[in-house]
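Below is one structure; the comments refer to it alone.
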Amino acid sequence: MQNKLLEYLNTRGIERVDRDNPLEITKDEQMLTDVAGVWKASKDEITKVIQARCDKLEIKLIETDMPFETPVTRQVLVELGGILEDFENISAESERRKNSSGDGSKA
């Protein structure tokens, strides 16, 4: 079963890489800047994609989930919301670093 999950994730560009620690976007300055830039440029569109997935999951939760499926679906909804929070936090950290280094002047 785990092999099928890994295959599914790999076909979507998500690779399971053995690491000592989870990927930390804020530790790589270029990645932090890139992700913050994507969020700044496409915040509404990213939010709409995640909202569309949440809408489908909410319908599933209400209309078709069996009682034993409910906690899993609810957790998925929480995790999807967490992705938006991650984007916000990454963007805020990028701004904080720009402002503290003197590169982000406010007029």
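Go through the range 70-104 and give me each residue that's hydroxyl-bearing (Ser, Thr, Tyr) and exposed (fewer than 15 other Cβ atoms within 10 Å of the Cβ).
THR70, SER100, SER101
Inspect all residues belonging to the range 12-22 and state whether any of them is surrounded by fewer than 14 Cβ atoms within 10 Å (Cβ to Cβ), among the acidic types (Asp, Glu) and modelled with pLDDT of 90 or more.
No.
How many residues are touching a residue at least 12 places away in the same chain (Cβ under 8 Å) and among the β-branched types (Val, Ile, Thr) when one looks only at the range 60-76?
Qualifying residue count for the region: 2.
Quickly run through the range 58-107 and pick out the residues that are closer than 24 Å to GLU29 by Cβ and among the basic types (Lys, Arg).
Passing the criteria: ARG96, ARG97, LYS98, LYS106.
Return the residue satisfying two criteria in turn: it lies in the range 81-107 and is small (Gly, Ala, Ser) and not in a helix (DSSP H, G or I), and of such residues it is modelled with the lowest pLDDT. Break it down stepwise before answering.
Kept after step one, since they are small (Gly, Ala, Ser), are these residues of the range 81-107: 81-82, 91-92, 94, 100-102, 104-105, 107.
Filter once more, keeping what is not in a helix (DSSP H, G or I): 102, 104-105, 107.
Numbers: GLY102: 71, GLY104: 51, SER105: 51, ALA107: 44.
Restricting to residues being small (Gly, Ala, Ser) and not in a helix (DSSP H, G or I), the top hit is ALA107.
For the range 47-69, name all the residues that are surrounded by 13 or more Cβ atoms within 10 Å (Cβ to Cβ) and either closer than 17 Å to LEU32 by Cα or of a type in the set (Ser, Thr, Tyr) (or both).
Selection gives THR47 alone.
The values are calculated or read from the model by the stated rules, or taken from the named source; none is laboratory data. Since the model is a prediction, treat every value here as computed from it, not as a measurement. Neighbour counts run over all protein chains shown; Cβ positions are idealised from the backbone, glycine included.
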